[in-house]
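First the structure, in the form of structure tokens, and then the observations on it.
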Amino acid sequence: MRRLFNRTKGSVRPRVDAKRPPSCCKHASGVTGADGRCQAYRPGRGWKWGAAVLALGLVAAFSAYRAFDAWIDRTDLPLTLTETSTEVLDRNGKLLRAYPVGDGLWRLAVRSADVDPRFLDMLLRYEDKRFRSHAGVDPIALLRAAGQALRNGRTVSGGSTLTMQVARLLEDGTTGRWAGKLRQMRVALALERRLSKDEILTLYLTHAPYGGAAEGIRAATYSWFGKEPTRLTPAEAALLVALPQSPERRRPDRFPKAASDARDRVLERMERQGILSAEQTEAARRTPLPHQMAAFPRHAPHLADRVTDQHPGKRQLRLTLDGAMQSRMQQLLAEAVRSSPRLSAALIAADHQTSEVLALVGSPGYSDATRRGFVDMTQAIRSPGSTLKPLIYGLAFDQGLAHPETLIHDGPVNFAGYAPQNFDGEFRGDITVREALQLSLNIPVVKLTQELGPARVMASLRASGANPELPGGAPGLALSLGGLGISLQDMVQLYAGLAAGGHGPRLRVMQGEAPQPAGRLTSPEAAWQVADILRGLPAPAGARAGTLAYKTGTSYGHRDAWAIGWDGRHVIGVWMGRADGTPVPGIFGGDLAAPVLFEAFGRLKPALDPLPPPPPATLIVSSAELPQPLQRFRPRDAAFSAPADAPELIFPPEGARLALDGAGLTLKLRGGTAPFLVLANGQPVLSGQRRREFSLPSPGPGFSSLVIVDGAGRSDRVNLRID
């Protein structure tokens, strides 16, 4: 400020410049107080104004922050609990089968702890290296992206954090428009407030797109590498880091050059950051890319379908199956039917000590339409052939009707018109029960069924946990030869009960379920006797030697071939035939199914477990040493029945209707002692006959009664009608 001075009476007085108002200082007001000091000046007024402005600014900033904070808190977050694929796992947690979610995507649940740590490290360093420290938005990354865009006139790199990418994935939003970017920022900030970093990372690993229908890291590793993401090579990890940025344009099966370039950029940055060595990077660059997307595992598909239907809404189902064993058994059946285009097969392997099913194959090929592979033949109702015979013998032993060394007569029989025949049409006379079962003869087992009662056999079947089906009406003697319907699973359940000493638990397929007891089949002694008989059967040609108790069966008309067996620990059942029930001429259980059974045990384990020793109360003696009632099988009403060697008219049979046209009537006899007397309608027509096949004059049209009397006075009678 300029000052003008006037001298008056020795004093100097300032005066005001004519061009400016009077002022004592720099303030323009020029007003002075009584003390001569400028009124515009007050001590401390300047900093008080500054403090006030600062306070106002802080209040405004705080208010803005509170408003912003409230705005973030009001964010409507997208659903984070999205649908994931239903998974069926084996006993070790290995994926057997997965099902796509409702929109057709493969989206498998995942935890970051189950993903290769090196992949996670590469992902964070490439996509969001400050992921662990920022609050959802990375200002440094945003400024860098903006600066690069200004310098280059185009977007060079994005500033999106992993959290922002999760926000976009959850809302299926856009990436390039500012409105979409702002929305992602808001959702990202809200996500960071409500979720932990690991939870946000898990959301990314669940939803990131990897091409095609694969969504999430587990779907990606199964689709591109056929495995879980627990261990990945540097090349695999780098490709999976690069794919979500442009999943369709970088698909290695369609755009290998783009995929390779993107992978190599990731590898190059990882090398610069010290994650990979130069040697690892170079080896990864030389690693071929996958040429196509792999199919998801489809092991035990029939069982997987069944348990998912039984447990709707459950996203993870763990079975008792062993995945490696299941694969081996599926391969075995595929090999067994390779030369027969329409032949199907099924197999169940179980641990009869723990009741756990270890492998279940419903058909050789789930998608094989020629074989009707979609039909689960472990559940199909089929005729069991001779495979029910061990149960009937076990019941007979348990009831005291017979012993393995009891003699039983294998000869013609007739039970009220039912006259069973052996498979080969031959009769063997007196043989031991042991031989009758080993030879799978029909007549002895029908005799035992007659004494036991078919109803008792059916009750025992149901007690084992089986659900047999009868063609109609009450059970008859034919059920002992396969005259009912039953599934392979029920047959394996039955044999598991015998293998477990006559009283085993119900087979189960769900891990964690408590074993459910089944009904008692036989005593431990009877069950051991059955096993002791069946282990005496010779093994198929070329089969591995070992102690295996097994039984084969062939249904009427060669529609079903069976083989079921057990050792000291496991039981396996094999069925082979056509799914549509068409006969397969020439198939037999012993020739077709038994070799598969023995091979299945070979693939199950390196050596068979020995069968248990006999229970202490087991009677092990020869036929001659048996108690008198057990030396020879006789029906309970034997005292009122004709002796075993009594004469029998085997032709014409009871109730026959014959058209003789004036010819003579031929008679065929069995048993008895010559000479024979024949009576027709009570009148003797022939005497002194010593042959067992002869003719006599026709008794005339109408109903007639023929009686044959042997030299010992024993007789037999048949009624017939002559037209």
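We did not get these values from a lab; they are worked out from the coordinates using the rules stated. Values in this document were obtained by computation on a predicted structure and should not be read as measured data. Please note: Cβ atoms are built from the backbone with ideal geometry, for glycine as well, and neighbour counts cover all protein chains shown.
The peptide list 78-87, 195-204, put in order of mean Cβ contacts within 10 Å with the highest first, becomes 195-204, 78-87. When its C-alpha radius of gyration is set against 2.2 N^0.38 Å (N residues), the chain gives a value of 1.70.
Highest mean first, the peptides 465-474, 482-491 sorted by other C-beta atoms within 10 Å per residue fall in the order 482-491, 465-474.
Treating r as the C-beta distance of I620 and R338 and R0 as 41 Å, the FRET efficiency rounds to 0.35. The mean sequence separation of alpha-carbon pairs under 8 Å and at least six residues apart, normalised by the residue count of the chain, gives a relative contact order of 9 percent. Amide H contacts for D410 (H built 1.01 Å from N in the peptide plane; partners 5 or more residues away or on another chain; cut-off under 5 Å): R428, G429, D430, I431. In terms of its alpha-carbon gyration tensor, the stretch 527-659 comes out oblate; a/c meets the 1.5 threshold, while b/c is at least as large as a/b.
Over 31 Å apart at the Cα level, from the set K129/K314; K447/K668; K197/K314; K389/K605, are K129/K314.
With respect to the chain, whose longest principal axis is taken over its alpha-carbon atoms, helix 594-604 is tilted by about 30°. Report, in degrees rounded to the nearest 10, the 0 to 90 angle that the Cα long axis of helix 389-398 makes with the longest principal axis of the chain. So the inclination is approximately 70 degrees.
Across the stretch 183-200, rounded Karplus estimates of 3J(HN,Hα) from the backbone phi angles (6.51 cos²θ - 1.76 cosθ + 1.60, θ = phi - 60°) give 4, 4, 4, 4, 5, 4, 5, 5, 4, 5, 6, 9, 10, 7, 4, 5, 5, 5 Hz, Gly and Pro being marked x.
Across the stretch 379-384, rounded Karplus estimates of 3J(HN,Hα) from the backbone phi angles (6.51 cos²θ - 1.76 cosθ + 1.60, θ = phi - 60°) give 10, 5, 8, 9, 7, x Hz, Gly and Pro being marked x. Each Cα pair under 8 Å and six or more residues apart adds its separation to the average, and for the stretch 416-484 the resulting relative contact order is 28 percent. Residues whose amide H falls under 5 Å from that of M510, counting only those 5 or more places apart or on a different chain, are T320, with hydrogens built in the peptide plane. Dipole check for the stretch 105-286: with +1 at the C-beta of Lys and Arg, -1 at the C-beta of Asp and Glu, and the Cα centre as origin, the magnitude is about 560 Debye. Radius of gyration over Kirkwood radius for the stretch 640-722, both on Cα atoms: the Rg/Rh ratio is 0.95. For the chain, a crude dipole built from +1 on the beta carbon of Lys and Arg and -1 on the beta carbon of Asp and Glu, taken about the Cα centre, is about 7080 debye to the nearest 20. Based on DSSP H segments of at least four residues, each scored -39500 (n - 2.57), the chain has a per-residue ellipticity at 222 nm of -10000 deg cm²/dmol. The convex hull drawn around the Cα atoms of the stretch 105-286, when projected onto a plane and averaged over every direction, covers 10.4 nm². For L96, the residues 5 or more places off, or on other chains, whose built amide H falls under 5 Å of its own are V88, L89, D90.
First check a/c for the stretch 565-723, with a ≥ b ≥ c the square roots of the eigenvalues of its C-alpha gyration tensor; if it is under 1.5, answer rounded, and if not, answer prolate when a/b is larger than b/c or oblate otherwise. The shape class here is oblate. Packing-based ranking of 344-357, 665-678, 600-613 yields 344-357, 665-678, 600-613, ordered from highest to lowest mean Cβ neighbour count within 10 Å. Residue separation of T82 and Q450 scaled by 0.36 nm, minus their Cα-Cα distance, works out to 126.2 nm of gained length. Could you please state, rounded to a whole Å, how far the C-alpha centre of the stretch 463-482 is from the C-alpha centre of the stretch 440-460? Spelled out, the Cα-based centre of one part sits 11 Å from the other. Under a no-solvent Debye model with one identical scatterer per Cα of the stretch 317-416, what's log10 I(q)/I(0) at q = 0.13, 0.18, 0.19, 0.25 Å⁻¹? For the stretch 317-416, the Cα-only Debye profile gives -0.70, -0.93, -0.98, -1.38.
Kindly express, to the nearest 10 degrees and within the range 0 to 90, the angle between helix 256-272's C-alpha long axis and the longest C-alpha principal axis of the chain. That helix lies at roughly 60 degrees to the long axis.
Remark: the S133-D661 segment gains 179.2 nm on full extension, using 0.36 nm per residue and subtracting the alpha carbon distance. 3J(HN,Hα) along the stretch 229-246, derived from phi through the Karplus expression 6.51 cos²θ - 1.76 cosθ + 1.60 where θ = phi - 60°, amounts to x, 5, 9, 10, 6, x, 5, 5, 4, 5, 5, 6, 5, 7, 4, x, 5, 7 Hz, with x in place of Gly and Pro.
Entry note, the stretch 105-286: relative contact order of 24 percent, from Cα contacts under 8 Å with a spacing of 6+ residues. Of the residues I392, I275, the one with the fewest other Cβ atoms within 10 Å heads the list, and the complete ranking is I275, I392.
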